1. From 107, 111, which residue is touching a Lys or Arg at 6+ places or on another chain (Cβ under 7 Å), within 23 Å of residue 164 (Cα to Cα) and surrounded by 15 or more Cβ atoms within 10 Å (Cβ to Cβ)?
2. Considering only region 61-80, how many residues are under 16 Å from residue 137 (Cβ atoms) and not hydrophobic (A, V, I, L, M, F, W, C)?
3. Can you say whether residue 128 is within 12 Å of the ligand (Cβ to nearest atom) and either at pLDDT 95 or above or among the aliphatic types (A, V, I, L, M) (or both), as far as the supplied structure shows?
4. Which of the residues spanning region 42-70 are under 22 Å from residue 135 (Cα atoms), at pLDDT 95 or above and either charged (D, E, K, R) or more than 16 Å from the ligand (Cβ to nearest atom) (or both)?
5. For region 150-168, give me each residue that is in contact (Cβ under 8 Å) with a residue 40 or more places away in the chain, of a type outside the set (Lys, Arg) and in a helix (DSSP H, G or I).
6. Spot the failing condition for residue 47; the list is (1) buried (at least 17 other Cβ atoms within 10 Å of the Cβ); (2) in a helix (DSSP H, G or I), and only one is missed.
7. Filter region 17-41 down to the residues that are within 16 Å of the ligand (Cβ to nearest atom) and part of a loop (DSSP other than H, G, I, E, B), then identify the one that is surrounded by the fewest Cβ atoms within 10 Å (Cβ to Cβ).
8. So is residue 85 aromatic (Phe, Trp, Tyr), closer than 16 Å to residue 141 by Cα and away from the ligand (no atom under 16 Å from the Cβ) or not?
Amino acid sequence: MALRKIVIEGDPILRKKARALEKVSDKEREIFLDMLDTMREADGVGLAAPQVGLLKQMIVVEASDPDDIEKAKEEDREPLKLLYFLANPEIIEEEGCQEGVEGCLSVPGFVGTVKRPMKIKVKALDYHGEPVEIEVDRFLAVAISHEMDHLRGVLFTDKASDVKEEEYEDSIHGDS
Ligand code: NI
């Protein structure tokens with residue numbers, strides 16, 4: 001695995017549409033792992049391929065399992081993390097609404113309040129190129145839909161009701 005450079009807002013690549021993959025080959029798996037490395041190094045919870053300069057429909061999300069957060073608190077441990085490698089993701093169902101504070105590794109130093117669906121069902125190809133359907137809710141739905149926006153050139157700042165400079169206490173969920 002290798003670190004890649006994260007593209008910052010102002011670079012036109014962040015505003016372009018990513019292309020669908022024909023298949024997930026070894027080359028894409030290497031990109032997935034590099035994206036994971038890069039995201040972890042930057043303390044992020046998600047990363048989309050355009051953020052490392054590649055117009056491919058690929059996202060990585062790694063975040064706490066919302067179902068384990070309360071239990072982990074009771075047991076005084078870190079919550080379990082869930083990791084998703086998704087290529088060609090498409091939202092096929094969505095439900096409800098939630099609003100929360102988001103940041104983005106490509107928009108460092110800023111946060112904003114964004115409305116997202118509470119629950120989404122996503123069809124995609126996984127790390128092995130196998131078709132998968134996943135259902136996620138709460139923060140995982142936020143993170144995955146934030147990353148999917150990157151694939152069509154949309155940043156959270158386009159959707160946020162307010163964008164302000166980040167203060168320490170705003171960093172609830174980490175950037176994606
Ligand atoms: Ni982002």
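The values are calculated or read from the model by the stated rules, or taken from the named source; none is laboratory data. Note that the structure is a prediction, hence the values are computed from the model and not measured. Every residue, glycine as well, gets a Cβ built from its backbone with ideal geometry; the counts of neighbours run over all protein chains shown.
1. 111
2. Count: 7.
3. In short, no.
4. Within region 42-70, 62 is the sole residue that qualifies.
5. Once the filter is applied, which keeps residues that are in contact (Cβ under 8 Å) with a residue 40 or more places away in the chain, of a type outside the set (Lys, Arg) and in a helix (DSSP H, G or I), region 150-168 yields 150, 156, 157.
6. (2)
7. 17
8. yes
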